[in-house]
Amino acid sequence: MTSILIVDDEPIVRDVVARYLERDGFRTTAAGDGDEARALMEAEMPGLVVLDVMLPGTDGLALCRWIRAQGDVPVIMLTARGEEADRIVGLELGADDYVTKPFSPRELAARVRAVLRRTGPRREGGEAALLRFGDVTLEAATREVLRGGAPVRLTAREFDVLWFLASHPRQVFSRDQLMARVWGYEPALDSGTVTVHMRRLREKIEPDPSKPRHLETVWGVGYRLVP
């Protein structure tokens, strides 16, 4: 049973989100501020964190940075409507997804399921177990990425984007297509999500991110991976 940590300073938000997630079979714990959340995670790291940006004490962005330094636990951030800067910063820090307040608990539960589906082994049947391009190797079962033989730490969503593009070499995908095919739902109004993930991937796998060799932008269309 996957454990979900809900971090929000509003008790009603914690209770409603926990109720919906528990209906889906998840085990939930909750924290009302960043310091309490960190203490809980130091005792037992959850399978996923639902994290509000605005928190008393250690705020959500600082906590997201700390979580990412500990490992690859998926993070879904909750942000106030219209706070685009917080969403972009959250993605830059390694958040896997975000939901704007006010939100539908049913939609949040669906996004939790979608993120978790992508964190475990899922390449079965006739799908490739390994993908390679340049000096980069991706392994589906372990979700490990090596560059020149050295491990590269990617978030769950970064791995999903890279695997998808590497599975369709030289094909061009628009931001909307990537949102639908990788994120698994209709494109949001904010296309910056894809842009941020592509920039982070280039920083991690390209020898020179300013002159990408593999993750190319096709201006006016979208992105493609060139082996």
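List of remarks:
- Among residues of the stretch 82-111, those that are in contact (Cβ under 8 Å) with a residue 12 or more places away in the chain, within 18 Å of Val17 (Cα to Cα) and over 17 Å from the mean Cα position of the chain (by Cα), counted: 5
- Close pairs (9 angstrom Cβ cut-off, 6 or more residues apart or separate chains): at positive phi and not assigned by TED's automatic domain parsing to the domain that holds Met198 in the stretch 160-184, surrounded by 14 or more Cβ atoms within 10 Å (Cβ to Cβ) and part of a helix (DSSP H, G or I) anywhere: none
- Of everything listed in (1) modelled with pLDDT of 90 or more; (2) in the same structural domain as Gly90 (by TED's automatic domain parsing); (3) not acidic (Asp, Glu), the single unmet condition for Ala110 is (1).
- Residue pairs whose Cβ atoms lie under 8 Å apart, separated by 6 or more positions or on different chains, with the first residue in the stretch 202-217 and assigned by TED's automatic domain parsing to the domain that holds Arg147 and under 16 Å from Ala166 (Cβ atoms) and the second among the hydroxyl-bearing types (Ser, Thr, Tyr) and not in a loop (DSSP other than H, G, I, E, B), are Leu215/Tyr223; Glu216/Tyr223.
- Checking the stated criteria, Ile67 turns out not to satisfy the condition of being within 15 Å of the chain's Cα centre (by Cα) and at pLDDT below 90.
- Within the option set Met45, Met54, being within 20 Å of Asp86 (Cα to Cα) and within 21 Å of the chain's Cα centre (by Cα) holds for one residue only, Met54.
- Pairs where the first residue, in the stretch 15-31, is farther than 12 Å from Pro105 by Cβ and the second is modelled with pLDDT under 95 and loosely packed, with under 13 Cβ neighbours inside 10 Å, C-beta under 7 Å, 6+ apart: Gly25/Met1; Phe26/Met1; Arg27/Met1
- Residue in the stretch 97-113 that is among the small types (Gly, Ala, Ser) and in contact with a strand residue (DSSP E or B) (Cβ under 6 Å, 6 or more places away or on another chain) present: no
The values are calculated or read from the model by the stated rules, or taken from the named source; none is laboratory data. Quick caveat: nothing in here was measured; it's all calculated off a predicted structure. Note: ideal-geometry Cβ built from the backbone for every residue, glycine included; neighbour counts use all protein chains shown.
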